[in-house]
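The structure appears right after this line, and notes come after that.
The values are calculated or read from the model by the stated rules, or taken from the named source; none is laboratory data. Source: prediction; values computed, not measured. Neighbour counts run over all protein chains shown; Cβ positions are idealised from the backbone, glycine included.
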There are 4 protein chains.
Amino acid sequence: MNAEPRWRRRKADRPGEIVAAAIAVFTERGFAAARIDEIAARAGLSKGAIYRYFDTKEALFRAVVTDAVRPNVRKVLDTAAAWQGGVPDLVRMLLPTVAGLAMKLPVGAVLKMVIGESRNFPELARVWHDEVVQPALSLLMRLIAEGQARGELRPGDPRTHAFSLMAPMLLGVIWRETFTPLGAGDVDLPAVARQHVETVLAGMETRR
Amino acid sequence: MNAEPRWRRRKADRPGEIVAAAIAVFTERGFAAARIDEIAARAGLSKGAIYRYFDTKEALFRAVVTDAVRPNVRKVLDTAAAWQGGVPDLVRMLLPTVAGLAMKLPVGAVLKMVIGESRNFPELARVWHDEVVQPALSLLMRLIAEGQARGELRPGDPRTHAFSLMAPMLLGVIWRETFTPLGAGDVDLPAVARQHVETVLAGMETRR
Amino acid sequence: MNAEPRWRRRKADRPGEIVAAAIAVFTERGFAAARIDEIAARAGLSKGAIYRYFDTKEALFRAVVTDAVRPNVRKVLDTAAAWQGGVPDLVRMLLPTVAGLAMKLPVGAVLKMVIGESRNFPELARVWHDEVVQPALSLLMRLIAEGQARGELRPGDPRTHAFSLMAPMLLGVIWRETFTPLGAGDVDLPAVARQHVETVLAGMETRR
Amino acid sequence: MNAEPRWRRRKADRPGEIVAAAIAVFTERGFAAARIDEIAARAGLSKGAIYRYFDTKEALFRAVVTDAVRPNVRKVLDTAAAWQGGVPDLVRMLLPTVAGLAMKLPVGAVLKMVIGESRNFPELARVWHDEVVQPALSLLMRLIAEGQARGELRPGDPRTHAFSLMAPMLLGVIWRETFTPLGAGDVDLPAVARQHVETVLAGMETRR
DNA sequence: AATGAATGAGGTTTCATTCAT
DNA sequence: AATGAATGAAACCTCATTCAT
C-alpha cells in the first residue's frame, strides 16, 4: 500500500550521520542558536531519535568538537615527528600541508566555535588545547630548539618563534570563516603559507 | 520625605553605563547566554529600564561591539597615517603599541564574540571588518607597497606580508581569551611583539 | 547455525513474568514514574515485546493491581465464611492472619498505589473496593451483627465497629510503606494485631 | 480603549493564590499528572508567572504539602498539651475535634499524596512524619503512659494503644478520598469518632 | 524615568507507542 | 514471537519583551 516506509533501520551509520548534520548546524549557528530540530531534520531523523545516540545537546556538541579534528591532527604530528632532514625544510613542507588540510576540513568552523564557546564549555577548549594546540606547539618548539642548537636557526624564544610561524595560517582559517562570507576577499591559504614560510624563515635562518 | 526621586540622579550617563555593564556580561557569557537581567543588575538598573535605551537585546549587542573598539582604532590609524620615517621603523613602533592596547582594552573578548557570532550577526562582523580590520590592513598594505617601491622591503604579496606581520598579535589576543583561563601558559603580548617584529623584518628587509 | 530461536523458550509464562516485573517497578516508582523500559528489562524482555501482551501501560497497571491481591483475599474470606465458633474468637484468629499475609505480600505497596492513583484510575479503586474492601467489610459487618444478635457483642453501628477492628492493621501496612523507609520505627504488625484485638474486644464484648 | 488590562499587579497575594490553585490540581491529579498550565490557569496567571514564585514544580509541590496542614496541627497539639483533666476525657474530646478538622480541611487529599509520592519525594513524607505524625503520636503515647501510671488505663504498649485510638480516623479520611467518590458509602467521621472512642476506651480503661 | 510582575513563544528532553526487520 | 530504532506528542522551564503602576 504505502511505498515508502516511515523510517529505515540504520543503527550503525546513525551516529556518524548525526554528527555530520550537527557539524553543519553548529558551525552555521553556534551552539546556542543551533536547534536539535534542525540537526534531526538534516540527519533525516525525528528530534527524539537524536537522544538515542546523544544524551544531551551538550554531549552532541562535544562529539562534534572532538570528532571533527582529532584524527587529522595525529596524521600531521606523526609525519612531522618522523622527519629526518633539517628543521627549515620540515617547516617548508609542514605549513602548506596544514594549509591544504584546512581548506577541505571543517577546522575553521569548529575552531571558531571552540573560541566562541570557550567560556561556556571550557572542557572543549581544553580538549582542543590538549589534543591539537599544545602537541603542535610542543613539536614546533622542540624542532626550533633543535634547529637553534644545530646552528640552523637564530636565537630567540622558541614559543614566540612558533607563533611567528603558525599564526598567519590560523588567522587565515578564522578569516575565511568570519569575513569571507561577508564578501571580504578570500584568503588563499596555500599561497599565504608559501610566501609566509619563506619570509619568516629568511628572518630565522642563520645563513641564506 | 525624600524629595529627590531616585532616578533623577544621572541621566545622560545611562547609555554608557549600560553598555559598560553589557560589555562585561556579553564578553563573559557570549551573546546567547547573557541575560538582560544580569546586565541590568550590573548597571544598577531594573530590567525594564534597559528597554528605554535599547530596543532589543540585539541592539544592545550591536552597541557593545561597535562602541568597544572604534575609538581606539582611530587613534592607532591616525598615528600610523601621520608617520614620516621608513616603513620598517613604523612597524617596529606599531606592533608593541597595539600589543599594549590589547592588554588593557577588552579587544580580545569582543573579537572572540565577533568571531563566534559572525554567522548570526553578519553586520557586526562587517562593522569590525569595515572599521577595524580593513582600515588597518589597507594601511599596512599601502605602507608595505611603499616600502617595496622604495627598495626597503623585498617583493611579495603585500596582503600576505601584512598577515605575516600582524597575525601573531591577533592570535595572542585570542589565545589569552581562550586558553589562558584554562591554565595554559599566558602570552606576553609585548614580548611577542618585540621578537616577532625583528624576526619578520629580518626576512622582509632588503639589507640588514 | 542456531536452530532454536531464542524466544521459543517459555511462552505461556510470559504474562505472569511481566506482571511480576511490573509489580516490582510500579510499587517502587508509582505509576507515572515507572518506565516500560525498566519493566521489560526486569522481565528479561525488550520493550516492544511487552505490547504483545498488554496494549498500554495502563492495561499493565490494571493487571498488576487486580492480580496482586485477589487470590489471597479469597482465601481469607473463605476461611472466615466457614468459621463455626463465636465471633470474638474468629476475630482473634483473623487479625493475626491478615497481619501475617501483609508482611509477606506486596499488599502495602499496591494499596499505596491504589490510594495514590485513585483519582486517575477510579476503576482500579473500584476493583479494590469491590473485590477486596467491600467483601471483607461486609463479612465483618455480618459477623458483628450476628454477634450482637447473640448477645456476644455490645450494640453499635457494625460498620464503625468493623473500622475499629481493622483500621490499625491497614494503617500499619501503609505506615510500613511510607514512613519506615525514612528511618521511622518499624511496625510489628502481628504484635499490633495481638494487642489491638484484645483491647478492642474488651470494649466490644458484653462480658469479660 | 481597552477596558480590561491584561493583568493586574498583586504580588503579595500571588503565592497564596498559587498554592491554593496548586492544592486543587495536585490533589485532583497527583504530582506527576498535574500540569503547571492548569495550576496557572486556575490561579488566573500564565504558566511563566508561576516560576516567579516557585523555582520548580517540585518546589511548588513542597509548598503545598507543607502549607496545607502545618498550622492546623499546631493548634490541636497545643490544646492537647494544655489539657488538665484525665486522659480518657481528653481522648473523648480530641478525636471528634480531629474528625471535625478533617472534614473541612484538605488533609485527606494531601495525606493521600504524601502516601502516594513518598517514594519519589521522601522529604515530604519526612515533613509529614516529623511535623504531623510523630508529634501527635508522641503526645498520645505520653498521655497513655501517664494514664497507665495513674491507673486509669490498662497496661499495653503505648504506641500500639495510640494506633488503636487513631487508626479509624485516619482510615476514614483516606476512605473518603479514595472510595467515596466512586459511590461507595460516605464515612461520617465525627460519628465514627464518637462510637470508636467509647468502644476502645471501654477496652482500655481500668474501671467502668 | 523607572520598576518588576506578567506574558508567551520557543527550546530541550522524556517516553509510551509503533513498526520494519 | 521478539527486537529496538524511530516517532511525536507532551511537559517543564527560560527569558526577551511588554506594560500597569
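Quick one: A:P88 ticks every box in (1) away from every other protein chain (no Cβ under 14 Å); (2) more than 20 Å from the chain's Cα centre (by Cα); (3) under 23 Å from A:R142 (Cα atoms) bar one, so which box is it?
It fails just one condition, (1).
Read through the list (1) more than 20 Å from B:I115 (Cα to Cα); (2) in contact with a Gly (Cβ under 8 Å, 6 or more places away or on another chain); (3) among the charged types (D, E, K, R), then give the number of the only condition that A:K112 fails.
(1)
I'm checking my understanding of the structure. Among residues of segment B:31-75 that are within 14 Å of another protein chain (Cβ to nearest Cβ), in a helix (DSSP H, G or I) and within 13 Å of DNA strand E (Cβ to nearest atom), which one is surrounded by the most Cβ atoms within 10 Å (Cβ to Cβ)?
Only one residue fits best here, namely B:K57.
Of these, B:R74, B:R9, which one is more than 21 Å from the chain's Cα centre (by Cα), of a type in the set (K, R), more than 14 Å from DNA strand F (Cβ to nearest atom) and modelled with pLDDT under 90?
Working: B:R74 fails: more than 21 Å from the chain's Cα centre (by Cα).
After applying the criteria, what remains is B:R9.
Just name the residue that is farthest from D:L95 (Cα to Cα) out of those in segment D:165-208 that are facing another protein chain (nearest Cβ under 7 Å) and of a type in the set (V, I, T).
D:T178
I need the full set of residues from segment A:104-121 which are buried (at least 16 other Cβ atoms within 10 Å of the Cβ) and either in a helix (DSSP H, G or I) or away from every other protein chain (no Cβ under 11 Å) (or both), in order please. Before the answer, list the steps.
Initial filter on segment A:104-121 (buried (at least 16 other Cβ atoms within 10 Å of the Cβ)): A:106-121.
Across segment A:104-121, the qualifying residues are A:P106, A:V107, A:G108, A:A109, A:V110, A:L111, A:K112, A:M113, A:V114, A:I115, A:G116.
Before we move on, is D:V107 in contact with a strand residue (DSSP E or B) (Cβ under 9 Å, 6 or more places away or on another chain) and at pLDDT below 90? Steps first, answer last, please.
Values: in contact with a strand residue (DSSP E or B) (Cβ under 9 Å, 6 or more places away or on another chain): no; at pLDDT below 90: yes.
When the stated conditions are applied, D:V107 does not pass them.
Inspect segment C:166-181 for any residue being in the same structural domain as C:G108 (by TED's automatic domain parsing) and surrounded by fewer than 16 Cβ atoms within 10 Å (Cβ to Cβ) and give the result as yes or no. Give the derivation first.
Pass one, segment C:166-181, residues in the same structural domain as C:G108 (by TED's automatic domain parsing): C:166-181.
Then drop every residue that is not surrounded by fewer than 16 Cβ atoms within 10 Å (Cβ to Cβ), which leaves C:180-181.
Yes, segment C:166-181 contains at least one residue that is in the same structural domain as C:G108 (by TED's automatic domain parsing) and surrounded by fewer than 16 Cβ atoms within 10 Å (Cβ to Cβ).
Would segment C:86-97 turn up any residue that is within 12 Å of DNA strand E (Cβ to nearest atom), in contact with a helix residue (DSSP H, G or I) (Cβ under 7 Å, 6 or more places away or on another chain) and modelled with pLDDT of 90 or more? Walk me through how you get there before you give the answer.
So the first thing to find is which residues in segment C:86-97 are within 12 Å of DNA strand E (Cβ to nearest atom), and the list is none.
No, the conditions are met nowhere in segment C:86-97.
Pull up segment A:145-155, narrow it to residues that are in contact (Cβ under 8 Å) with a residue 40 or more places away in the chain and of a type in the set (G, A, S), then point me to the one that is nearest to the other protein chains (Cβ to nearest Cβ).
By that ranking, first place goes to A:G147.
Considering only segment A:157-194, state which residues are aliphatic (A, V, I, L, M), touching a residue at least 40 places away in the same chain (Cβ under 8 Å) and either in contact with a Ser or Thr (Cβ under 9 Å, 6 or more places away or on another chain) or closer than 17 Å to B:V132 by Cα (or both).
Across segment A:157-194, the qualifying residues are A:I174, A:V192, A:A193.
Can you find even one residue in segment D:129-144 that is outside any helix (DSSP H, G or I), out of contact with any strand residue (DSSP E or B) (no Cβ under 6 Å at 6 or more places or on another chain) and away from chain C (no Cβ under 14 Å)?
Let us first name the residues in segment D:129-144 that are outside any helix (DSSP H, G or I), namely none.
Among the residues of segment D:129-144, not one is outside any helix (DSSP H, G or I), out of contact with any strand residue (DSSP E or B) (no Cβ under 6 Å at 6 or more places or on another chain) and away from chain C (no Cβ under 14 Å), which makes the answer no.
Output the number of residues of segment D:76-91 satisfying the condition of being touching an Asp or Glu at 6+ places or on another chain (Cβ under 8 Å) and either in a helix (DSSP H, G or I) or surrounded by 19 or more Cβ atoms within 10 Å (Cβ to Cβ) (or both).
Initially, segment D:76-91 is screened for residues touching an Asp or Glu at 6+ places or on another chain (Cβ under 8 Å), giving D:86-88.
In the following step, the residues that additionally are either in a helix (DSSP H, G or I) or surrounded by 19 or more Cβ atoms within 10 Å (Cβ to Cβ) (or both) were identified as D:87-88.
Within segment D:76-91, residues that are touching an Asp or Glu at 6+ places or on another chain (Cβ under 8 Å) and either in a helix (DSSP H, G or I) or surrounded by 19 or more Cβ atoms within 10 Å (Cβ to Cβ) (or both) number 2.
Please tell me if A:A184 is over 16 Å from the mean Cα position of the chain (by Cα) and surrounded by 18 or more Cβ atoms within 10 Å (Cβ to Cβ). Reasoning before the result, please.
Details: over 16 Å from the mean Cα position of the chain (by Cα): yes; surrounded by 18 or more Cβ atoms within 10 Å (Cβ to Cβ): yes.
Considered against the rule, which asks whether it is over 16 Å from the mean Cα position of the chain (by Cα) and surrounded by 18 or more Cβ atoms within 10 Å (Cβ to Cβ), A:A184 comes out as yes.
Kindly list, by first and then second residue, each pair from a residue in segment B:35-51 that is over 15 Å from B:I23 (Cβ atoms) to a residue that is within 6 Å of DNA strand E (Cβ to nearest atom), limited to pairs with Cβ atoms under 7 Å and residues at least 6 apart or on different chains.
B:D37/B:K47
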